[in-house]
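Below is one structure; the comments refer to it alone.
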Amino acid sequence: MTRHELIFPEDAVGSRLDKWIATLGIGLTRCAVQGLIAAGNVQVDGKEIPKNYRPKAGQRIEVIVPPPEEIEVVPQDIPLDIVYEDADLLVVNKPKGMVVHPAPGNYDETLVNALMFHCKGSLSGINGKIRPGIVHRIDKNTSGLLIVAKNDNAHQKLAAQIKEHSFTREYEAIVTGAFREPTGTVNAPIGRHPIDRMKMCVTEKNSKEAVTHYELLKQYGGFAHVRLRLETGRTHQIRVHMSYIGHPVYGDDVYGKAVKGVQGQCLHARKIGFVHPVTEEYLEFSSELPVYFQKILDKMEKM
């Protein structure tokens with residue numbers, strides 16, 4: 001259990017308590033705060049309050065965060081598109097719509113559930129019970145290649161390559177807007193959004209370096225097919241950077257605009273390359289554009 005004791009400041013008077021707490025950087029989203037209020041775990045001057053409560057300056061706020069529930073990750077016989085596998089690692093082509101690891105609201109039918117069944121428990125344990133073998137992640141509605149470690153030695157060496165920016169990660173996306181230049185680089189730090197804690201944004205405050213290189217493959221009027229190469233690997237990096245330069249990923253309902261009939265962003269992790277943690281051989285793999293992505297390109301070709 002974690003306890004936060006706060007004093008409501010003068011400059012926040014008029015703000016809702018749930019919204020204010022979500023801006024403090026203590027790891028709570030506004031939705032999570034509302035859940036704590038409903039459970040009686042947020043009190044003002046020792047009293048429970050409604051979720052729309054607006055405190056007065058100087059009032060004492062107490063926020064109690066219960067310990068996280070233990071999640072039992074169950075192996076599930078879910079088909080996997082395995083591009084490569086050996087005794088130390090495997091490369092998986094994740095479909096759009098599949099969550100990488102269990103989390104609130106997604107406790108099963110994740111990539112981890114499928115990996116645990118396929119690997120019979122032979123996965124690295126560095127990231128704990130919830131994310132065994134997961135060296136890096138891609139979003140639920142991003143399709144494409146992921147590398148998975150079967151033991152801690154492989155995990156540590158692969159993670160070191162990501163940290164050193166020697167890991168090859170190439171994506172393709174459909175984005176909105178017309179490009180003036182055929183190539184470019186977005187070098188802009190990314191951190192947690194100050195208001196919506198579920199989102200990331202370009203910011204100088206509490207952020208990390210983020211670099212994305214892009215190349216125009218084809219322009220379709222107000223849309224474009226682009227190739228993107230990650231130099232760093234921040235949460236939602238491509239989606240944030242493309243939105244930042246005025247070219248949000250097509251279908252991205254968080255950093256752009258939802259599109260009817262399109263399930264989330266049109267973004268595919270097409271290529272991955274790394275030095276094998278044991279043989280020290282450089283390996284590189286690529287995957288074909290998925291059906292959903294190609295259908296949208298075909299539609300734009302006819303526009």
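The values are calculated or read from the model by the stated rules, or taken from the named source; none is laboratory data. Here the structure is a predicted model, which is why all the values come from computation and not from measurement. Glycine also receives a Cβ, built like all others from the backbone with ideal geometry; neighbour counts cover every protein chain displayed. Each accessible area value is taken on the protein alone, full model and side chains, heavy atoms only, with ligands, DNA and RNA left out. Shrake-Rupley method; radii C 1.70, N 1.55, O 1.52, S 1.80 Å.
The rows are residues; the columns are (1) touching a helix residue (DSSP H, G or I) at 6+ places or on another chain (Cβ under 7 Å); (2) surrounded by 13 or more Cβ atoms within 10 Å (Cβ to Cβ).
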site: D11; (1), (2): no, no
site: G14; (1), (2): no, no
site: K19; (1), (2): yes, yes
site: Q34; (1), (2): yes, yes
site: Q43; (1), (2): no, yes
site: G46; (1), (2): no, no
- Item | Subset of the range 102-122 (residues that are modelled with pLDDT of 85 or more and either open to solvent by less than 70 Å² (accessible area, probe 1.4 Å) or part of a helix (DSSP H, G or I) (or both)) | T110, L111, V112, N113, A114, L115, M116, F117, H118, C119, S122
- Item | Every residue from the range 173-192 that is assigned to a loop (DSSP other than H, G, I, E, B) and surrounded by fewer than 17 Cβ atoms within 10 Å (Cβ to Cβ) | G177, A178, R180, E181, P182
- Item | Residues of the range 196-234 satisfying the condition of being touching a strand residue (DSSP E or B) at 6+ places or on another chain (Cβ under 7 Å) and aromatic (F, W, Y) | Y214, F223
- Task: Hey, can you tell me all the residues within the range 211-237 that are closer than 15 Å to F167 by Cβ and not polar (S, T, N, Q)?
- Result: V211, H213, L228, R229, L230, E231, G233, R234
- Item | Enumeration of residues in the range 237-246 that are out of contact with any Phe, Trp or Tyr (no Cβ under 7 Å at 6 or more places or on another chain) and open to solvent by 10 Å² or more (accessible area, probe 1.4 Å) | Y244, I245, G246
- Message: Condition first: in contact with an Asp or Glu (Cβ under 9 Å, 6 or more places away or on another chain), assigned to a strand (DSSP E or B) and either open to solvent by 40 Å² or more (accessible area, probe 1.4 Å) or more than 13 Å from G177 (Cβ to Cβ) (or both). Now tell me which residues in the range 209-230 satisfy that.
- Response: V211, T212, H213, L216, L217, K218, R227, L228, R229, L230
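On the given criteria, is G233 open to solvent by 40 Å² or more (accessible area, probe 1.4 Å) and in contact with a helix residue (DSSP H, G or I) (Cβ under 9 Å, 6 or more places away or on another chain)? Working first, answer last.
Numbers: open to solvent by 40 Å² or more (accessible area, probe 1.4 Å): yes; in contact with a helix residue (DSSP H, G or I) (Cβ under 9 Å, 6 or more places away or on another chain): yes.
Taking the combined requirement at face value, the residue satisfies it.
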- Message: If a residue counts only when it is more than 19 Å from D196 (Cβ to Cβ) and of a type in the set (S, T, Y), which strands (runs of 3 or more DSSP E) contained entirely in the range 1-67 have at least 1 such residues?
- Response: 2-7
- Query: What are the pairs, 6+ residues apart or on separate chains, where a residue within the range 12-26 that is closer than 14 Å to R60 by Cα has its Cβ under 7 Å from a residue that is of a type outside the set (A, V, I, L, M) and open to solvent by less than 50 Å² (accessible area, probe 1.4 Å)?
  - Reply: A12/W20; L17/P55
- Pair list, Cβ under 8 Å, 6 or more apart: the range 123-143 residue without any contact (Cβ under 8 Å) to a residue 60 or more places away in the chain and open to solvent by less than 50 Å² (accessible area, probe 1.4 Å), other residue assigned to a loop (DSSP other than H, G, I, E, B) and among the acidic types (D, E): none
- Task: Quickly run through the range 260-287 and pick out the residues that are open to solvent by 40 Å² or more (accessible area, probe 1.4 Å) and assigned to a loop (DSSP other than H, G, I, E, B).
- Result: K260, G261, Q263, V278, T279, E280, E281
